[in-house]
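Working notes for the structure below.
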Amino acid sequence: MKDIRLIENLKNTIISLDKGEMPEVSDLVLLLENYREPEIFGFARDLGREKALENYGNNVFIRGLIEVSNYCTKNCFYCGIRCGNKEAQRYRLDFEDIMNCCESGYNAGFRTFVMQGGEDPVFNDDFVCRTVAAIKNKYPDCAVTLSLGERSYSSYKLLKEAGADRYLLRHETATKEHYEKLHPKSSSFENRMECLYYLKELGYQTGAGFMVGSPWQTMENLANDLIFLKGFQPHMVGIGPFLPHSQTPFRDFPKGSAELTLFILSLVRIMLPKVLLPATTALGTREEGGRERGILHGANVIMPNLSPVEVRKKYMLYDNKLSSGAEASEGLEILRKSLEKIGYEIPVSRGDCLK
Ligand code: SAM
Ligand code: SF4
């Protein structure tokens, strides 16, 4: 039985997040260290869910995820499609492929398309601008989100001018020393952070985020992530457990915890009540029903896979990544039913951030 004063203290830390205050790092660390306390875990879940309902009602927004290329010039130690993985079977979608994905997605009710991929030089400004402009021209009622990694300010500007609405670029960790353990020397913490500020300045709805349980991550690192998010005020936050891939240097590290991921989702919802918060594929892969649990902890976005079926297994960021059933756009009815069971619905909407 935990000290009753400790429980009260931990609840007060959550309440201060709800009031818009930022607790001391030491208080956040204490809170994170005690996330398994049922009373605290439940308190954060209920408040997180209440905040999501207050802001977005019982809507869960869907995004059609198009995994456009698994070629990548980067070599992040955790990622299954890093350039150093010589076993990966590479593919890239062309203009027609991407337009076909959008067409089937539009017909299924998607009003946001997310083009995500490795840092593939073939996806240069000309190609991406042409594709974004064509999607926006054909589907003016849809939002286009890009998630194509680090690019220059001028590139982000061109893509924005071509019509891109949103950009997802997880910061991965707000602690430089930790960042350097997850990436080779050729990747720069400062550059990643700078990109996020560029995106915000250019008027993108901007998404940051991180993995929970990545190798060497400490509770201090996670507390720093929360503090960074509070200061940066992103429109979207992508959070999922780290899951190992057998052809990466991190193959032997344990999976990140689903419970800690859920707890952090609640804290982020409490701290940033209007944020768009996906219940990620990684969470659904980590635990059966993980995405539905994510929604019950305050998430309000799900990103089913719209990529052509034949390439899905090649976009393998981690072992056993889900890409069928309710994960897939063709499984939308399964997803709809499983959300209905917990009291949520999927609107036909762009689902913009309320900010
Ligand atoms: N290349 C772009 C980038 O890095 O921003 C977009 C694609 S990248 C695959 C998208 C996200 O996948 C990364 O930001 C990372 O957090 C996540 N990811 C990569 N490997 C992972 C792993 N092993 N477990 C969980 N998430 C992973
Ligand atoms: Fe490339 Fe993104 Fe994977 Fe890093 S996380 S290797 S940038 S696809």
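The values are calculated or read from the model by the stated rules, or taken from the named source; none is laboratory data. Only a predicted model underlies this, so the values are computations on that prediction, with no experimental measurement involved. For neighbour counting, all protein chains shown are included, and Cβ atoms are generated from backbone atoms with ideal geometry for every residue, glycine included. When the accessible area is computed, the model is the full protein with side chains, heavy atoms only, and any ligands, DNA or RNA have been set aside. Shrake-Rupley method; radii C 1.70, N 1.55, O 1.52, S 1.80 Å.
Residues being within 16 Å of ligand 2 (Cβ to nearest atom), open to solvent by 30 Å² or more (accessible area, probe 1.4 Å) and part of a strand (DSSP E or B) are entirely absent from segment 63-80. When the residues of segment 108-131 are filtered to those that are among the β-branched types (Val, Ile, Thr) and within 15 Å of ligand 1 (Cβ to nearest atom), which remaining residue is farthest from the chain's Cα centre (by Cα)? It comes out as VAL122. Each residue in segment 58-92 was checked for being of a type in the set (Lys, Arg) and either within 11 Å of ligand 1 (Cβ to nearest atom) or under 18 Å from LEU306 (Cβ atoms) (or both), and 4 of them qualify. Only a single item in (1) in a loop (DSSP other than H, G, I, E, B); (2) at negative phi; (3) within 16 Å of ligand 2 (Cβ to nearest atom) is not met by PRO140, and it is number (3). Only one of the numbered conditions (1) part of a loop (DSSP other than H, G, I, E, B); (2) more than 19 Å from GLY105 (Cβ to Cβ) is not met by GLY163, and that is (2). Looking across segment 251-270, the residues that are open to solvent by less than 10 Å² (accessible area, probe 1.4 Å) and either without any contact (Cβ under 8 Å) to a residue 60 or more places away in the chain or of a type in the set (A, V, I, L, M, F, W, C) (or both) come down to GLY256, ALA258, THR261, LEU262, PHE263, ILE264, LEU265, LEU267, VAL268, ILE270.
Of all residues in segment 10-24, those satisfying the criterion of being charged (D, E, K, R) and either part of a helix (DSSP H, G or I) or open to solvent by less than 40 Å² (accessible area, probe 1.4 Å) (or both) are LYS11, ASP18. Which one is nearest to ligand 1 (Cβ to nearest atom) among residues in segment 266-319 that are among the basic types (Lys, Arg) and farther than 22 Å from GLY105 by Cα? The selected residue is ARG286.
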